[in-house]
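Written below as structure tokens is the structure these notes are about.
Please treat every number below as a calculation from the coordinates, not as lab data. Remember, predicted model here, so these are calculated numbers, not experimental data. All Cβ positions, glycine included, derive from the backbone under ideal geometry; neighbour counts span all protein chains shown.
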Amino acid sequence: MKTLSISVQSVVQLQEECDLLSIKSGVSCLIQLFSSQSKEDVEAYCDVLNKHFPNAEIIGLSVIHASINSAIYSQSTVISISTFESSQITSANVFHCVDEKTVGHQLLRKLSMNQATKSVIAFGCYGSASNYPLFEAFSESPYGVPVSGGVAADAGHEIWVFLNGQFYKDCIVAVALHGENLKTWYEAFVEWNPIGKRFRITSSEGRVVKTIDHIPAYEFYCKYLADNKNLPLSQIQAFPLMLEEDTARIINPVESITEEGYLQFTLEVPLGDEVRFSYYHPSLTQEQVNQGALMLAKKCPESIFIYNCESRIESSSESTELQSFSDIGPCQGMYGMGEFFRSANQQILHHSLTYLALSESSDSIVIDASISHLPRTHNLTPLFSLIKNSIQDLDTMTSEMEKKISEQSMRLIQTYRIDRRTGLLNRTVLKERLSHIACTDHLLSFKLTNLSQVNEKYGYQVGDKLLQDISLYINTHLGKKIEANIELYSIGIAEWGVIFHSDKNSEFLRKCITDFIEDLEHENFEPYGLSDVDYLSVAISGGIISRRDFAHVAVEDLILKTVEARRIAMRRNRHLCNARDLLNEERSRQSQLDWLTCVNRAVSQQGVLVYGQPIFESHTRQLASTECLMRIREDDQIFAPGQFLPAVEGTHLYTRLSREMISRSFEIMQNNDLKFSINLSPQDLMSDRTLDLLETSILRLDNPFRVGFEVLETEQIQDYDRMIEVCNYFRRLGARIIIDDFGSGYSNIDEIMKLEPQVIKLDGSIIKNVHQDKRQRLISQQMVQLCHALDAKVVAEFVHNQEVCTIVEDMGVDYLQGYFLGAPKALEL
């Protein structure tokens with residue numbers, strides 16, 4: 001194999017370089033791009049590369065720095081071109097999801113891993129670099145193939161990864177190298193140092209540490225690393241805990257801070273373990289790197305790829321580290337935000353230098369790589385000793401410092417209770433006041449709904465002054481309007497809460513408050529500092545709740561209900577809405593929640609049933625197919641989709657329910673020769689997991705033409721191209737494409753023509769009255785002719801009596817379906 005790397009900053013420069021290159025036919029080509037330039041620049045580079053190397057696999061990611069030999073580049077793109085004489089390359093991409101282990105298995109499958117696979121190069125793009133479950137599939141793989149590469153960095157444009165002409169986010173892209181003659185070597189270099197005394201884990205649950213030395217975990221870090229000041233997660237992650245077991249040191253980084261102030265770590269932390277802070281510095285690894293490079297030189301690699309950590313770029317020894325490898329052979333790489341490496345298991349490292357060395361040459365000398373590192377010393381040892389003793393000194397803080405912190409805390413608490421924009425007491429104080437609310441008290445909320453427009457047009461200074469003016473206006477005029485004393489609070493940005501006592505009826509209060517809002521909207525609020533504009537328009541919406549109407553509602557719920565009433569008022573273009581008027585809507589929402597619970601139980605406890613309704617051939621009445629229909633069972637009751645689907649549509653629960661229905665339908669129909677069809681919604685067509693299940697199920701059928709997919713063509717479809725692509729794919733696998741409910745009120749003829757369905761089902765709303773309505777009969781006749789002109793078979797739904805049956809047969813429909821011919825019945829294995 002051979003590798004050539006170049007650094008470019010323009011298309012012209014790349015074109016000139018490519019004109020000097022040539023690749024002989026029959027070889028495999030891998031191109032890696034490490035770029036700190038814009039996506040547009042990279043797209044232009046890829047066009048040039050595709051022209052010169054049309055059969056190459058191109059993979060890349062956004063970085064801040066990249067390297068060639070010992071030189072480090074920024075504000076440019078490093079392009080590494082590798083050719084392989086006897087190895088093959090496969091590529092794939094997968095998107096991240098909640099179940100990262102499943103993503104790992106998908107990536108393994110798409111890369112076609114086998115006994116000849118020697119290495120995988122992968123680049124990730126996601127918010128957290130601690131995606132350890134992703135690589136569990138690789139650790140469990142029987143091939144033991146290492147994954148090298150790393151996580152993309154933000155170079156000031158956008159974070160992305162790239163594969164063969166496509167940019168991705170929240171995705172991992174990879175190439176696998178397969179070759180009997182391909183040899184690989186890989187290593188990682190990083191050194192962590194313990195700092196300070198040992199501490200004991202005094203409360204933990206799995207990976208979550210609640211207290212260390214009886215101090216809440218987050219406060220513990222703040223105490224020792226920041227003198228009790230708040231710490232961002234990034235700084236906490238720089239000091240993982242070290243557990244020392246025998247001769248092993250286990251580094252356990254912090255992943256996240258929980259809402260309760262606990263810390264979640266990468267590994268489980270048992271109660272009672274003794275731990276220490278740890279820290280690293282890149283220069284401490286220099287001796288390791290020199291020794292590792294010496295060992296690698298004996299193996300005579302033909303190409304070396306270094307995947308480094310961006311945090312190491314500030315180290316003065318970085319170019320020296322790279323020089324150690326560039327003396328061996330062609331050396332190129334990048335600096336990312338996490339490094340992929342395999343030791344006992346595949347993992348993601350941080351602050352480390354990793355390399356992947358390759359060779360196809362039979363002249364390479366392979367020796368045992370398991371040589372222990374020689375003892376070494378570092379100039380920074382005294383520094384870390386000083387740090388250790390300094391941190392120990394923090395354990396004996398003086399009482400004067402404690403008093404100062406206490407005084408600062410009291411000032412912060414006082415600030416915490418007052419809104420800085422309006423000077424009013426805030427939501428926290430309102431909640432305290434509501435704990436003493438009387439039966440005849442009322443809670444009112446106001447919202448300035450056009451503050452963002454005011455800020456955009458006049459600036460934030462004008463917006464803040466407007467909030468102060470409105471606060472003053474409410475305090476001055478509202479009490480007079482409703483004939484009551486008021487208590488005014490700021491409960492959010494441009495949002496006010498008012499408590500007042502009144503025995504007046506709801507209608508009186510509604511009229512008074514509505515009149516007040518109208519007066520407020522007509523008030524002349526002259527913009528601050530803008531003398532040329534003499535009027536500032538404001539828009540106000542309000543919500544009210546009376547304690548007498550909600551006597552047993554919790555304090556926090558009182559605020560939520562009045563805010564919800566205010567939002568409904570805004571949505572309905574009204575000045576005021578009473579929370580009491582929303583009780584029916586709340587009951588409807590509760591009913592939806594009940595259905596969500598019911599469906600969730602059905603999915604989890606095998607309560608999803610498959611019913612089948614027969615479809616007959618016209619005139620002969622022979623069974624042509626069976627439509628699989630969904631039902632769920634709850635406490636010996638059977639529910640139809642019309643009762644529960646509206647509650648779950650658009651949720652993740654719907655996709656789980658749909659996959660359960662698909663699995664059950666294929667399971668029941670697997671071992672017979674009957675044709676059948678399954679309904680698919682637009683949400684199904686957008687779900688990769690659902691499409692994977694459909695693909696797998698089709699491929700298991702001896703005759704894929706048996707299955708048909710009934711696609712509901714509605715206004716919910718946002719991406720027709722995607723739907724057409726999916727339908728065409730399933731048609732190539734052998735499945736039939738069926739348009740359901742054609743003529744139901746939304747039918748895009750142009751898009752239906754692009755789908756090229758084999759079957760079109762006329763909606764029951766058109767068919768059911770053809771025996772009574774001549775216009776419906778004429779429309780139906782025209783639709784049948786249209787469908788036949790599209791070369792599609794026609795199914796008449798809702799055939800409910802003999803007269804309708806005869807009429808639609810005379811129209812020329814091909815198939816019949818309806819209760820007159822056969823009602824849905826439960827299908828069993």
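Which one of 477, 193, 11 has its Cα pushed farthest toward the positive end of the charge dipole of the chain, where Lys and Arg give +1 and Asp and Glu give -1 at the Cβ?
477
Please report the relative contact order for the chain, taking Cα pairs under 8 Å with a sequence separation of at least 6, and give it as a percent rounded to a whole number. Working shown, then result.
Details: 1535 pairs, mean separation 64.1, N = 829.
8 percent.
With no solvent and one point per C-alpha, what does the Debye sum give as log10 I(q)/I(0) for the chain at q = 0.05, 0.07, 0.08, 0.09 Å⁻¹?
Values, matching the q order: -0.44, -0.86, -1.06, -1.20.
Can you list which of the GluC sites (Glu not before Pro) found in segment 9-61 are DSSP loop residues with at most 13 other C-beta atoms within 10 Å? Please report the intermediate quantities before stating the final value.
Values: sites: 16, 17, 40, 43, 57; in loops: none.
When the GluC sites (Glu not before Pro) of segment 9-61 are filtered for loop state and at most 13 Cβ neighbours within 10 Å, nothing remains.
Provide, for q = 0.15 Å⁻¹, the log10 of I(q)/I(0) from a solvent-free Debye sum over equal Cα point scatterers in segment 606-826.
Treating every Cα as an identical point scatterer, log10 I(q)/I(0) equals -1.03.
What spacing in nm lies between the two simple spin-label points modelled at residue 227 and residue 515, each 7 Å away from Cα in the Cβ direction?
Distance between the two pseudo-spin positions: 6.0 nm.
Return 1, 410, 295 ranked ascending by Cβ neighbour count within 10 Å, so the fewest neighbours appear first.
Working: 1 23, 410 10, 295 14.
Neighbour counts put them in this order, fewest first: 410, 295, 1.
Before rounding to the nearest 500, sum -39500 (n - 2.57) across all DSSP H runs of length at least 4 in the chain and divide by the residue total; then give [θ] at 222 nm in deg cm²/dmol.
Numbers: 25 runs with 295 residues, N = 829.
-11000 deg cm²/dmol, from helical runs alone.
Within 10 Å, count the other beta carbons around each residue, average over each peptide in 504-513, 696-705, and list them highest first. It would help to have the intermediate numbers written out before the result.
Details: 504-513: 15.5, 696-705: 12.9.
Descending mean neighbour count gives 504-513, 696-705.
For the pair residue 181 and residue 39, how long in nm is the line joining their label points, each one 7 Å along Cα→Cβ?
Each label point lies 7 Å from its Cα, and together they span 4.1 nm.
Less than 21 Å apart at the alpha-carbon level, and either on another chain or at least 8 residues along: which lysines does that give for residue 24?
Qualifying lysines at Cα under 21 Å: 2, 51.
For segment 192-284, what is the largest minus smallest coordinate of the Cα atoms on each principal axis, given in angstrom and ordered from greatest to least?
35, 26, 21
What is the spin-label model distance, in nm, from residue 725 to residue 102 if the labels are put 7 Å beyond Cα along the C-beta direction?
Calculated label separation equals 2.1 nm.
Sorting check: for 211-217, 480-486, which peptide has the highest mean count of neighbouring beta carbons within 10 Å, and how do the rest follow?
Values: 211-217: 17.7, 480-486: 16.0.
Ranked by mean Cβ neighbours within 10 Å, highest first: 211-217, 480-486.
So what's the gap between the Cα centers of segment 617-691 and segment 143-200, to the nearest angstrom?
What the calculation gives is 42 Å, centre to centre.
For segment 421-462, which chymotrypsin sites (Phe, Trp or Tyr not before Pro) pass both filters: DSSP loop (anything but H, G, I, E, B) and at most 13 other C-beta atoms within 10 Å?
Passing both the DSSP loop test and the Cβ count: no residue.
Going down the list 110/183; 110/754; 447/511; 675/761; 210/404; 197/229, which pairs span over 25 Å between their C-alpha atoms?
Values: 110/183 23 Å; 110/754 30 Å; 447/511 18 Å; 675/761 16 Å; 210/404 27 Å; 197/229 21 Å.
In this structure, 110/754; 210/404 exceed 25 Å between Cα atoms.
Could you name the aspartates and glutamates whose alpha carbon sits less than 14 Å from that of residue 101, not counting residues in the same chain fewer than 8 places away?
Straight-line reach from residue 101, under 14 Å: 136, 140.
Show log10 I(q)/I(0) for segment 563-681 at q = 0.18, 0.19 Å⁻¹, two decimals, from a solvent-free Debye sum over equal Cα scatterers.
Relative scattering, expressed as log10 I(q)/I(0), comes to -0.94, -1.00.
What is the distance in Å between the Cα centres of segment 19-51 and segment 452-505?
61 Å
Quick one: which of 109-119, 463-473 comes out on top by average Cβ neighbours within 10 Å, and what's the full order, highest first? Could the numbers behind the result be given before it?
Working: 109-119: 16.5, 463-473: 18.7.
Going by the mean number of other Cβ atoms within 10 Å, highest first, we get 463-473, 109-119.
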